[in-house]
Amino acid sequence: MKILVMIKQVPDTATKIRLNPGDVAIQTDGIKWVINPYDEFAIEECLRLREKFGGEVVAVSLGPSRVEEALRQALAMGADRAVHITTDAALDSLAAAKALAQVARDEGFDLVVTGKQAVDDDQAQVGPLVAVELGLPQVTVVIKLEVDPEAKTIRAERELEGASEIVELPMPAVITAQRGLNEPRYPTLPNIMKAKKKELKPIALDSLGIDTTPVVRIEALTLPPERPAAKILTGEPEETAKELARLLHEEAKVI
């Protein structure tokens, strides 16, 4: 079974984001970049499927040269090889999906897996758009996955608000992974060393022959307002409780 896992490199969630005045992008200097956390669940699930059924796991990502670091980490986790769609351009979700889908067509696959969303833009669009571009069935926010390669069917449990849903669909298909699907493994030192020798194929975005004209344009970016200083209540428990109740009612307006 051949599985493509599509990953994105994002700023570490602990990174302090800065904006250029009047710009529509963040400052990238000094940022620690990591694999999108939801994509780690996708990688792990692909590795488990390969360990169970055999086959190959190919990691695919898009972006500038720094993205190679994320792909090397995926290789160190256990992916067999990687494809890097190289570009310095900032693409919207549709253009990114078109590029990823084209690589998927060229590679061939039985299953495509990615995280449910990227934590930098939280749009949750690329996975579903890849499925649309490929004309494939999809199931999102998956928390349990069962694959039958012989029958070419998938049974997935997906998370809903306050409930879950069981979906059955044929292969090939596109799956987006939710937290709780598994526990991602950490790369071991031997696997980190092996990853340096695994194939990482660069493909220029321009060579794919796709239209990357954006359909969504960012007009402006703003940082959230600074949080007010915390209020610390001291004194006797009874009086403190009364004051807390008053603050929650009159200032926070939550009770």
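The values are calculated or read from the model by the stated rules, or taken from the named source; none is laboratory data. None of these values were measured; they are calculated from a predicted model. In this analysis, Cβ positions are derived from the backbone assuming ideal geometry, glycine residues included, and neighbour counts consider all displayed protein chains.
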How many residues does the range 165-182 contain that are farther than 25 Å from residue 102 by Cβ and over 21 Å from the mean Cα position of the chain (by Cα)? 4
Out of the residues in the range 6-37 meeting the condition of being of a type in the set (Asp, Glu) and either surrounded by 10 or more Cβ atoms within 10 Å (Cβ to Cβ) or in contact with a Lys or Arg (Cβ under 7 Å, 6 or more places away or on another chain) (or both), tell me which one is farthest from residue 178 (Cα to Cα). 23
Just give me the residues in the range 206-255 being part of a helix (DSSP H, G or I), under 30 Å from residue 90 (Cα atoms) and acidic (Asp, Glu), in sequence order. 206
Scan the range 160-172 and tell me whether some residue there is at pLDDT 95 or above, assigned to a loop (DSSP other than H, G, I, E, B) and not hydrophobic (A, V, I, L, M, F, W, C). yes
Residues being among the charged types (D, E, K, R) and surrounded by 11 or more Cβ atoms within 10 Å (Cβ to Cβ): count how many of those fall in the range 196-241. 4
Anything in the range 6-28 that is β-branched (Val, Ile, Thr), under 17 Å from the mean Cα position of the chain (by Cα) and within 16 Å of residue 63 (Cβ to Cβ)? List them, or say none. 7, 10
Residue 103 fails exactly one of the following numbered conditions: (1) part of a strand (DSSP E or B); (2) of a type in the set (Val, Ile, Thr); (3) out of contact with any helix residue (DSSP H, G or I) (no Cβ under 7 Å at 6 or more places or on another chain). What is the number of that condition? (1)
So which pairs qualify, if the first residue must be in the range 20-48 and free of Cβ contacts under 8 Å to residues at least 12 places away in the same chain, the second must be in a strand (DSSP E or B) and not polar (S, T, N, Q), the Cβ gap must be under 9 Å, and the two must be at least 6 apart or on different chains? 20/26; 27/19; 28/11
Single match in 129, 62, 94 (criterion: touching a residue at least 60 places away in the same chain (Cβ under 8 Å), part of a helix (DSSP H, G or I) and in the same structural domain as residue 143 (by TED's automatic domain parsing)): 94
Residues (in contact with a strand residue (DSSP E or B) (Cβ under 8 Å, 6 or more places away or on another chain) and assigned to a loop (DSSP other than H, G, I, E, B)) located in the range 26-41: 27, 31, 32, 36
Scan the range 38-74 residue by residue and report those that are among the acidic types (Asp, Glu) and within 13 Å of the chain's Cα centre (by Cα). 39, 40, 44
Could you grab the pairs with beta carbons closer than 8 Å, sequence gap of 6+ or different chains, first residue in the range 183-197 and in the same structural domain as residue 43 (by TED's automatic domain parsing), second one assigned to a loop (DSSP other than H, G, I, E, B)? 185/78; 191/78; 195/187
Residue set 62, 91; condition of a type outside the set (Phe, Trp, Tyr) and surrounded by 23 or more Cβ atoms within 10 Å (Cβ to Cβ); output residue 62
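One line per residue, one yes/no per condition, for (1) touching a helix residue (DSSP H, G or I) at 6+ places or on another chain (Cβ under 7 Å); (2) within 13 Å of residue 120 (Cβ to Cβ); (3) assigned by TED's automatic domain parsing to the domain that holds residue 125; (4) of a type in the set (A, V, I, L, M, F, W, C):
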| position | (1), (2), (3), (4) |
| --- | --- |
| 8 | yes, yes, yes, no |
| 13 | no, yes, yes, no |
| 24 | no, no, yes, yes |
| 28 | no, yes, yes, no |
| 31 | no, yes, yes, yes |
| 37 | no, yes, yes, no |
| 41 | no, no, yes, yes |
| 45 | no, no, yes, no |
| 53 | no, no, yes, yes |
Check whether at least one residue in the range 140-150 is at positive phi and of a type outside the set (S, T, N, Q), and report yes or no. yes
